[in-house]
Amino acid sequence: MSEADAASALPYALGVLKEVFGYSSFRGLQGEVIAHVANGGDCLVLMPTGAGKSLCYQIPALLRAGTGIVVSPLIALMQDQVAALRLAGVRAVFLNSTLEYEDAEAVERGVLAGDYDLLYVAPERLMTPRFLALLDSLQRGKGIALFAIDEAHCVSQWGHDFRPEYIQLSTLHERYPQVPRIALTATADQVTRREIMQRLKLGDARLFVSSFDRPNIRYRITEKTNPRTQLLAFLRAEHAGDAGIVYCLSRKKVEETAAWLREEGFKALAYHAGMDTETRAEHQARFLREDAVVIVATIAFGMGIDKPDVRFVAHLDLPKSIEAYYQETGRAGRDGEPADAWMAYGLADLVNLRRMIDQSVADQQYKRVQSSKLDALLGLCESTTCRRIRLLDYFGEASAPCGNCDTCLEPPESFDGTVAAQKALSCVIRTGQRFGAAHVIDVLRGKQTDKVAQWGHASLSTFGIGADEDETTWRAVFRQLVAQGLLSVDHDSFGALKPTDASRAVLKGEQRVSFRRAPEKKARRERAALRAWSGSAPGSASGPSALDSAGHELWEKLRAWRAGVARQSGVPAYVVFHDATLAEIARARPQSEEALGRVAGVGARKLERYGPALLELLRE
């Protein structure tokens with residue numbers, strides 16, 4: 001596409017942006033992507049969660065002749081996006097398993113009649129003979145405007161959300177070569193990007209890569225000691241009354257954690273793939289539609305979740321990769337307001353994930369890739385420098401210290417751990433390389449436990465040689481020895497620690513070892529730092545956190561009004577208006593329809609639908 005083509009498309013795109021969606025300018029690469037697709041170009045778009053990926057295909061679909069086909073993997077996301085588009089005056093519809101046969105037939109007839117600008121469909125339905133026949137008829141008639149493939153990382157066999165049906169989507173290019181395609185994802189390293197391009201046959205497509213930085217998210221990773229107590233302290237100190245997500249690795253832990261949080265006074269709901277479909281759908285709907293709901297989930301929950309006011313994402317178990325961590329934490333703070341990504345991490349997490357990789361039925365290449373991804377995540381966890389630098393570097397993006405992560409706010413110490421490493425490695429060897437960290441630490445610290453007595457380990461030369469350090473310090477030493485590849489975990493021996501070949505140089509004194517020592521956490525100082533940062537957070541200047549007391553009181557009234565409208569319409573509150581739009585209304589206090597129409601997020605249809613009620617509320 002030439003520069004002239006792009007320039008000619010942009011004025012029309014800006015007109016749609018203002019008229020339909022209520023915004024006066026594009027963000028980041030949005031304008032460039034929209035112009036490229038509107039003029040028939042293929043592309044792969046990498047944008048972080050909350051950066052406005054949806055507009056990159058919604059606006060071109062409105063500019064081009066025919067119906068835009070959006071491939072989306074989640075029913076809830078389809079329904080919410082269609083509801084939001086309809087409120088904005090866009091003719092949008094979805095086809096999924098929630099529709100009765102007669103309703104699905106009516107949608108198909110409407111598509112062929114040209115009644116819709118956008119049709120959302122799941123990948124497994126799209127590839128059925130019936131739907132492909134529908135597309136053939138549509139292309140011969142009113143035309144297909146574009147294909148948008150959302151959550152495109154699902155095509156990657158190396159990814160954390162792999163879906164086999166996505167691989168079949170290459171058929172779209174073979175069957176409809178003249179229809180532009182836009183693939184979108186918030187998460188893809190270099191390997192995943194190449195696989196997306198290859199499997200979707202996007203060889204000539206243009207690549208658009210936005211910054212992966214989410215500056216409003218504060219990253220914190222802490223050593224797991226008593227995870228429930230740690231989580232509770234975090235939630236009560238900083239997120240009482242907030243909506244958030246707590247991720248756990250197992251379904252059992254999800255159920256137990258949700259029940260425990262309810263006992264502690266939180267509105268907590270469980271979500272995992274083992275639950276019946278009806279309960280899962282109910283819990284997801286409550287999370288999207290109600291305030292202050294905490295969802296406790298496995299990774300089965302979250303992809304495509306469009307709730308903008310998630311104030312925290314907490315991990316009680318280590319994710320499988322940096323991509324998974326980035327994707328999951330990215331569900332916080334989509335509205336640009338300050339949010340937290342908090343994780344408690346320990347050696348047991350590492351042992352469990354290593355075991356899952358080693359015992360999987362996958363081939364050796366897959367296991368090597370997953371192991372390298374886990375190693376990269378461990379590097380992030382054990383980093384002594386800015387978390388954000390390490391995180392963005394993984395995606396090939398250079399950055400500077402952020403001032404908004406735990407290692408920036410509370411810098412950890414690095415210390416020469418060579419002697420500690422030698423003691424730990426020697427004790428592993430002396431105890432026979434058949435025990436986990438807990439027993440070896442007891443021997444090092446000289447603890448007279450029943451197990452130590454049973455195995456006669458009190459007589460070893462290493463018994464008590466680490467008595468000068470506490471248990472927490474030794475746990476950190478063993479965790480970092482595994483992370484640095486100096487100790488391995490033998491899953492055939494019930495998690496026994498064994499020195500690796502690399503450890504020989506350390507034992508011989510030929511290699512120095514450096515360890516990370518976490519600083520003592522001072523909760524009061526951390527909260528003060530968070531408050532100080534929140535006042536200058538990107539996005540906060542236009543959000544509710546920047547309002548004065550009178551403005552905040554009005555904002556709460558507007559939220560109550562919005563909640564009533566949302567209940568009547570059967571949609572999540574943010575589908576009516578985002579918090580940022582309500583905050584701008586509370587700050588500007590427009591007294592006319594013309595002034596209200598200038599507020600970002602108030603398009604023509606919403607002004608017509610909600611303007612009179614809003615102006616009446618503002619005049620009270």
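The values are calculated or read from the model by the stated rules, or taken from the named source; none is laboratory data. What you see is a predicted model, and the numbers here were worked out from it, not measured in a lab. Neighbour counts are summed over all protein chains in view; Cβ atoms, including those assigned to glycine, are modelled from backbone coordinates with ideal geometry.
Does residue 23 fit the bill of being assigned to a loop (DSSP other than H, G, I, E, B) and of a type outside the set (A, V, I, L, M, F, W, C)? Considered against the rule, which asks whether it is assigned to a loop (DSSP other than H, G, I, E, B) and of a type outside the set (A, V, I, L, M, F, W, C), residue 23 comes out as yes. In the set (1) surrounded by 19 or more Cβ atoms within 10 Å (Cβ to Cβ); (2) assigned to a loop (DSSP other than H, G, I, E, B), the condition left unmet by residue 273 is number (1).
Considering (1) in contact (Cβ under 8 Å) with a residue 24 or more places away in the chain; (2) within 19 Å of residue 25 (Cα to Cα); (3) out of contact with any Phe, Trp or Tyr (no Cβ under 7 Å at 6 or more places or on another chain); (4) outside any loop (DSSP other than H, G, I, E, B), the lone condition that residue 574 does not fulfil carries the number (2).
Answer yes or no: is there a residue in the stretch 358-370 that is over 18 Å from residue 488 (Cβ atoms) and touching a residue at least 24 places away in the same chain (Cβ under 8 Å). Yes, there is a match, as at least one residue in the stretch 358-370 is over 18 Å from residue 488 (Cβ atoms) and touching a residue at least 24 places away in the same chain (Cβ under 8 Å).
To keep it simple, each residue is scored yes or no on (1) hydroxyl-bearing (Ser, Thr, Tyr); (2) buried (at least 20 other Cβ atoms within 10 Å of the Cβ); (3) at pLDDT 90 or above; (4) not in a helix (DSSP H, G or I).
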position	(1), (2), (3), (4)
485	no, no, no, yes
488	yes, no, no, yes
504	no, no, yes, no
538	no, no, no, yes
591	no, no, yes, yes
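With in contact with a strand residue (DSSP E or B) (Cβ under 6 Å, 6 or more places away or on another chain), of a type in the set (Lys, Arg), within 28 Å of residue 226 (Cβ to Cβ) and surrounded by fewer than 23 Cβ atoms within 10 Å (Cβ to Cβ) as the only criterion, which of 331, 387 stands out?
Working: 331 fails: surrounded by fewer than 23 Cβ atoms within 10 Å (Cβ to Cβ).
Only one candidate qualifies: 387.
One residue alone among 249, 232, 288 is buried (at least 21 other Cβ atoms within 10 Å of the Cβ) and touching a residue at least 12 places away in the same chain (Cβ under 8 Å), and that residue is 288. On the stretch given as the stretch 542-593, residues that are within 27 Å of residue 82 (Cα to Cα), of a type in the set (Asp, Glu) and out of contact with any Ser or Thr (no Cβ under 7 Å at 6 or more places or on another chain) total 3.
Considering only the stretch 418-436, state which residues are out of contact with any Pro (no Cβ under 7 Å at 6 or more places or on another chain), touching a residue at least 12 places away in the same chain (Cβ under 8 Å) and either in the same structural domain as residue 373 (by TED's automatic domain parsing) or not in a loop (DSSP other than H, G, I, E, B) (or both). Selection gives 418, 420, 421, 422, 423, 424, 426, 427, 430.
Consider the stretch 198-209 and keep the residues that are surrounded by fewer than 19 Cβ atoms within 10 Å (Cβ to Cβ) and among the aliphatic types (A, V, I, L, M). The one that is nearest to residue 166 (Cα to Cα) is 207. Considering the conditions (1) within 30 Å of residue 140 (Cα to Cα); (2) in contact (Cβ under 8 Å) with a residue 60 or more places away in the chain, residue 11 is excluded by exactly one of them, (2).
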